[in-house]
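Right, one structure below, let's go through it.
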């Protein structure tokens with residue numbers, strides 16, 4: 001078994017290797033664990049490993065394959081973002097508050113992977129409580145971008161991102177509240193999908209901003225994301241906002257693409273606001289080249305406008321902190337989580353436990369949320385933000401009358417250096433300027449590798465193309481991404497030195 | 001809306017997060033920056049627009065009024081900071 005062919009194989013190829021007994025799940029999993037031991041001390045993508053549990057799952061998968069009951073993901077090793085509760089696994093959400101929390105139950109996403117016979121390689125690093133765009137707010141330290149160790153992988157799903165890019169897993173899960181799957185996918189050069197809000201159950205996914213949080217796949221290709229969506233999406237009564245819809249096969253259109261112009265008739269909307277000031281010129285060029293490639297594939301482009309785009313960030317930084325301040329009030333040092341060692345009375349215990357357990361960015365967001373929800377300010381902030389949220393969603397409704405799909409940059413720049421924005425929250429928040437609006441509207445969005453940009457003296461760094469679809473249009477988005485990946489090889493490239 | 005250091009202390013108390021003078025000062029600078037960003041909203045006329053809380057505008061589902069949870073006291077208390085005789089311990093609140 002040649003290691004490089006294993007780590008660069010698609011999920012379908014891995015599944016075929018397992019089915020044909022070319023390799024067992026135990027061997028495949030062991031190969032990834034060896035790579036993790038080799039590279040993780042540097043990259044810091046994983047923050048919890050449990051070889052015994054992982055290998056037991058691999059052995060069970062082998063038995064299942066031998067019995068002829070394999071499903072497409074059976075025996076394949078995945079990385080799970082540490083925001084998902086996994087029974088018996090330390091589940092920290094990147095916080096000191098939960099540094100000793102061993103989950104007593106499985107998140108819906110975890111049980112879905114388990115039921116599919118997938119193997120859990122470990123839990124991945126992330127910004128604390130998913131609040132960040134660089135993975136630098138993690139209590140367990142930053143994560144290195146595999147393309148340039150001086151740079152951040154993006155966030156909040158930075159550990160999953162680095163694990164996919166460095167081939168320390170077959171694929172990974174992430175969550176996206178304002179861009180936390182797509183921005184790291186762009187900065188680390190792989191394919192990530194944030195589904196329509198309500199498609200993947202939030203049960204057991206540690207809450208940040210409940211009306212925006214959505215889990216999705218992070219993988220090497222659109223085809224891999226489609227296979228993972230088949231496992232992750234579906235109704236779950238334990239999430240009050242889970243959507244009760246018929247099961248879909250997200251791979252159904254992938255093989256129907258044919259001819260020189262497989263996307264003939266597709267109308268791609270280009271929002272002028274996404275190509276305006278603030279977008280790095282090198283990133284803009286890569287994105288324009290990708291769009292030119294789409295024209296070659298038969299698509300036509302339409303100029304559109306999302307006039308309220310510039311309000312996405314202000315609205316998000318009211319709604320998300322407001323919901324976070326409420327969600328994070330559960331960390332009181334009583335039933336689980338960090339409790340201060342010394343305190344005078346109950347109030348003092350709450351105040352000290354929370355002061356010690358939360359990091360600076362999480363505290364800032366709790367304070368913003370507390371402020372905007374406090375007496376007298378509700379109408380001016382929270383209500384106003386919810387009203388503008390509707391305007392932002394209506395912009396998309398109007399746009400989709402003129403086009404089938406929207407394209408633009410995922411992030412305004414390539415990966416930035418660690419420490420560069422760590423002390424300036426507002427500069428950090430602008431990383432999500434192109435991704436937040438889809439969370440507010442509840443629309444699906446994805447990022448695919450579109451090439452590389454090199455600023456003078458720097459290493460070539462990946463650039464992502466964002467694809468935004470209408471509600472429940474994930475299958476079409478995956479087809480559109482797949483068509484591009486059939487004629488380009490950006491998605492197959494991996495960082496040098498990690499072979 | 002300009003914040004001052006007393007506002008920061010009041011908000012931190014509401015949020016049950018202990019904060020010292022030095023932290024309050026640096027928090028004031030950063031929160032003021034974020035609120036400056038948020039202020040852009042005030043220029044928008046939102047009269048008559050129905051607030052949007054969720055993208056799908058769904059009604060909350062109801063379920064049968066039946067017991068769905070099993071007793072897992074020991075499992076749950078195994079991860080608690082302090083318990084005694086099956087109860088969670090907190091500092092004395094009643095004299």
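The values are calculated or read from the model by the stated rules, or taken from the named source; none is laboratory data. Here the structure is a predicted model, which is why all the values come from computation and not from measurement. Reconstructed Cβ throughout: ideal geometry from the backbone, glycine too, with neighbour counts over all protein chains shown.
The single condition among (1) touching a helix residue (DSSP H, G or I) at 6+ places or on another chain (Cβ under 6 Å); (2) within 9 Å of chain B (Cβ to nearest Cβ) that residue A:360 does not satisfy is (1).
If the condition is being more than 10 Å from every other protein chain (Cβ to nearest Cβ) and touching a helix residue (DSSP H, G or I) at 6+ places or on another chain (Cβ under 7 Å), then region B:78-95 contributes only B:86.
Among residues of region A:337-350 being touching a helix residue (DSSP H, G or I) at 6+ places or on another chain (Cβ under 8 Å) and surrounded by 15 or more Cβ atoms within 10 Å (Cβ to Cβ), the one that is nearest to the other protein chains (Cβ to nearest Cβ) is A:339. Looking across region B:1-44, the residues that are closer than 15 Å to residue A:315 by Cβ and more than 7 Å from chain A (Cβ to nearest Cβ) come down to B:35, B:36, B:39, B:42, B:43.
Of all the criteria given as (1) farther than 30 Å from residue A:312 by Cβ; (2) facing chain A (nearest Cβ under 9 Å); (3) assigned to a helix (DSSP H, G or I); (4) in contact with a helix residue (DSSP H, G or I) (Cβ under 8 Å, 6 or more places away or on another chain), the one not satisfied by residue B:75 is (4). Residues in region A:117-129 that are within 15 Å of residue A:46 (Cα to Cα) and in a helix (DSSP H, G or I): A:128 alone.
For region A:373-388, the tally of residues that are outside any loop (DSSP other than H, G, I, E, B), free of Cβ contacts under 8 Å to residues at least 60 places away in the same chain and at the interface with chain B (Cβ under 7 Å from one of its Cβ atoms) stands at 2.
The residues of region A:319-352 that are touching a residue at least 24 places away in the same chain (Cβ under 8 Å) and assigned to a helix (DSSP H, G or I), listed by number, are A:319, A:320, A:321, A:322, A:323, A:324, A:325, A:326, A:327, A:328. Quick check on region A:96-113: of everything there that is buried (at least 22 other Cβ atoms within 10 Å of the Cβ) and within 14 Å of another protein chain (Cβ to nearest Cβ), which residue is nearest to residue A:360 (Cα to Cα)? If we take residues in region A:96-113 being buried (at least 22 other Cβ atoms within 10 Å of the Cβ) and within 14 Å of another protein chain (Cβ to nearest Cβ), then A:97 is nearest to residue A:360 (Cα to Cα). The residues listed here are A:166, A:171; of these, the one that is more than 30 Å from residue A:369 (Cα to Cα), touching a strand residue (DSSP E or B) at 6+ places or on another chain (Cβ under 6 Å), crowded, with 24+ Cβ neighbours inside 10 Å and in contact (Cβ under 8 Å) with a residue 40 or more places away in the chain is A:171.
Is it the case that region A:300-308 has a residue that's at pLDDT 95 or above and within 14 Å of chain B (Cβ to nearest Cβ)? Scanning region A:300-308, I find at least one residue that is at pLDDT 95 or above and within 14 Å of chain B (Cβ to nearest Cβ), so the answer is yes. Consider residue B:70 carefully, then state whether it is part of a loop (DSSP other than H, G, I, E, B) and either at the interface with chain A (Cβ under 7 Å from one of its Cβ atoms) or surrounded by 10 or more Cβ atoms within 10 Å (Cβ to Cβ) (or both). In short, no. If you check residue A:209 against the conditions, is it in contact with a helix residue (DSSP H, G or I) (Cβ under 7 Å, 6 or more places away or on another chain), over 19 Å from residue A:146 (Cα atoms) and assigned to a helix (DSSP H, G or I)? No; evaluated as a whole, the condition is false for this residue.
Confirm whether residue A:395 is modelled with pLDDT of 95 or more and either surrounded by 21 or more Cβ atoms within 10 Å (Cβ to Cβ) or within 16 Å of residue A:155 (Cα to Cα) (or both). Criteria met by residue A:395. Looking only at residues in region A:412-450 that are buried (at least 21 other Cβ atoms within 10 Å of the Cβ) and part of a strand (DSSP E or B), the one that is nearest to the other protein chains (Cβ to nearest Cβ) is A:445. Would you confirm whether or not region A:12-35 contains a residue that is in contact (Cβ under 8 Å) with a residue 60 or more places away in the chain and under 30 Å from residue A:242 (Cα atoms)? For region A:12-35, residues in contact (Cβ under 8 Å) with a residue 60 or more places away in the chain and under 30 Å from residue A:242 (Cα atoms): present.
The combined condition, being in contact with a strand residue (DSSP E or B) (Cβ under 9 Å, 6 or more places away or on another chain) and at positive phi, is not fulfilled by residue A:132. Among the residues of region A:150-169, are any under 25 Å from residue A:416 (Cβ atoms), more than 13 Å from the chain's Cα centre (by Cα) and part of a strand (DSSP E or B)? Yes, region A:150-169 contains a residue that is under 25 Å from residue A:416 (Cβ atoms), more than 13 Å from the chain's Cα centre (by Cα) and part of a strand (DSSP E or B).
Residues that are touching a residue at least 24 places away in the same chain (Cβ under 8 Å), within 14 Å of another protein chain (Cβ to nearest Cβ), within 18 Å of residue A:110 (Cα to Cα) and in a loop (DSSP other than H, G, I, E, B) are absent from region A:244-262. Got at least one residue in region A:451-466 being crowded, with 24+ Cβ neighbours inside 10 Å and under 25 Å from residue B:49 (Cβ atoms)? No, that holds for no residue.
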